[in-house]
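The structure appears below as structure tokens.
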Amino acid sequence: MSLLQRVTSFESLSPERFSPERGQSPAGSRDRKLSFSPLPESWSPPAAEVESQAIGAFEVSRTKRILQVFTAVIYCLFAAGIVFGYAAIKPVLIREHVYRDLCTKKELEEGVRTCYDQEIHLNLMFTVAAVGTNVAALPIGAILDNLGPRVCGLIGSGLLAAGALLFSFAWQLPFDGFIPGYLLLALGGPFVFISSFQLSNTFPKHSGLILALLTGAFDSSSAVFLIYRIVYQWTNEAFTPKRFFLAYLIVPALIFVVQFFYMPRASYKTVGELVKQVEDAGTNGYDDQVDENTALLREEHRNRRQSVISEITDLLGSKSGGKHLKKEEQKNAISGVWGAMHGKTVSQQILSPWFVLITLFTVIQMTRINFFVATIRPQYEYLLGSYEAAVEINTFFDVALPLGGILSIPFIGLVLDNTSTTFVLSALVTIATTIGVLGVLPYSWAAYSNICLFVLYRPFYYTAVSDYSAKVFGFRTFGTVYGLIICLAGLFNFSQSGLDALLHKVFNGNPVPVNLILLGSAFLVGIALCTFVGIKAYTLKRDLLIDEAEDAREVVMPGAMSPERL
């Protein structure tokens, strides 16, 4: 997961540095809107067309907006990222003999819990879903920006329904329905999740809380399969996957219905767009007309204008959004790298070390994360030498994964907003290295410590990458650059099948060599990334001080112009 967790409605207020060569000004940049589309601006519809579709939150009743946010949190809780609960549903699929027919006669006679081909195909199901989730960010951004959140919600509900149906009847189909079914469930989640981000603008003063609720719902959605596995065990396996996924159809049906009844057809306006509306409302088109008829029109226009300004001011807390702008500027200054690649073309950004290093780091870390999720039980069965101990570790992980995402949300925001990007990246590398070391130790305490760190690190890592992309590359190309990072990382996850082959065939189930390979590569790339960003942050700070010194005006001491008075 990733999917733009650190994007806030206030980021559209952060002006880029003034550049006379580009003909920009800070004022002109204030109403820029962060685009989720991966397509460059030149391929997107004109800004006027997009803005005309957006709606101001003050135009919708408070009750309806609260209902919209509440509904989005609920269906994100049940749909946004359920496929990441794979570690919880995998034991159920094994009990239901999914891909058991791929085992050889000898393996069946020996009574192995899972054979090699069965393990590979089960993990491939999760790998394809994880890749699909990340690659889906590319088309979803374009659809959201051009067709609106309602269309995204409808597409998401359709994909979820198709996935649930395909998975329900996969046992009876003449072809493999498990992999495409799980993939469709994976694709449906981002459509409903990403399209819900714009709801943070329903209450701009509380956008951080709304985004936290949506993000928490995403992280908690992996518990859906955990709850199902518990029910499956309580009913002595009577509540089969077919019954569960048929019952799950209630979720996409709910999403489909609410899209037409009260969910927004278009995205809500950002703070920058609302501020611009206040400024536009201050103009009066009747000032040069003095007849009696136009005087009445002018009075009516003035009353309507004052009403709009009052409602927007109530939403923002002020007309200018100055507090929010100042807050964002402080966070940008703390980061040390904000604006490093702003104003550059997409090709220049993609070819820069800023992009190459963060992409390599993301590729390796995402592969490590998904490999661990898919193979946690066989890894600890080998390390601890006990199947029962591995089951206990797996159960603890299933519970800790959604809880870790929720508990880490407030701390992630504090770290990213109050520390430099160099510090954040260094923390990521340090924690990832610690996790790697704990992951090769054959002790129960190391296993539990590893999981606790892992579930806290996972959301921190994904959020930090999107935060890095926004600060370094800017909002104008965010969709393109960040979408490409996640897409490449997702595609590289197909290498997980090769890691599975190494684990089971080459190293005979011993996870230590594979984990050491991943640990070593992540450490080397991480050190290179931190070193580069640290040097660049120092250079940017130095250049900024030089520019400020050169632009400073000479101040004459009092009396210096009249020495006779001294």
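The values are calculated or read from the model by the stated rules, or taken from the named source; none is laboratory data. Please read these numbers as outputs of a predicted model, since none were measured by experiment. Because the Cβ atoms are built from the backbone with ideal geometry, glycine has one as well, and the counts that use them run over all protein chains shown. Only protein heavy atoms, including side chains, enter the accessible area calculation; ligands, DNA and RNA are left aside. Shrake-Rupley method; radii C 1.70, N 1.55, O 1.52, S 1.80 Å.
Below is a table of values for the structure above.
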read-out	value
Set Gly158, Gly216, Gly181: member being farther than 25 Å from Gly413 by Cα and either crowded, with 20+ Cβ neighbours inside 10 Å or of a type in the set (A, V, I, L, M, F, W, C) (or both)	Gly181
Selection within the range 129-154 - without any contact (Cβ under 8 Å) to a residue 60 or more places away in the chain and either closer than 28 Å to Lys90 by Cβ or in contact with a His (Cβ under 6 Å, 6 or more places away or on another chain) (or both)	Ala129, Ala136
Set Leu165, Leu138, Leu199: member being within 19 Å of the chain's Cα centre (by Cα) and open to solvent by 40 Å² or more (accessible area, probe 1.4 Å)	Leu138
Every pair of residues 6+ apart whose Cβ atoms lie under 9 Å, when the first sits in the range 93-116 and is touching a residue at least 24 places away in the same chain (Cβ under 8 Å) and on the phi > 0 side of the Ramachandran plot while the second is surrounded by 16 or more Cβ atoms within 10 Å (Cβ to Cβ) and of a type in the set (A, V, I, L, M, F, W, C)	Tyr99/Leu93; Tyr99/Cys115; Tyr99/Ile120; Tyr99/Leu122; Tyr99/Met125; Tyr99/Phe178
Answer from Ile364, Ile412, Ile369, Ile376 - the residue that is open to solvent by 20 Å² or more (accessible area, probe 1.4 Å), at pLDDT below 95, in contact with a helix residue (DSSP H, G or I) (Cβ under 7 Å, 6 or more places away or on another chain) and assigned to a helix (DSSP H, G or I)	Ile364
Subset of the range 441-464 [surrounded by fewer than 18 Cβ atoms within 10 Å (Cβ to Cβ) and touching a helix residue (DSSP H, G or I) at 6+ places or on another chain (Cβ under 7 Å)]	Pro442, Ser444, Ala446, Tyr448, Ser449, Cys452, Leu453
Verdict on Leu124 being open to solvent by 10 Å² or more (accessible area, probe 1.4 Å) and touching a residue at least 40 places away in the same chain (Cβ under 8 Å)	yes
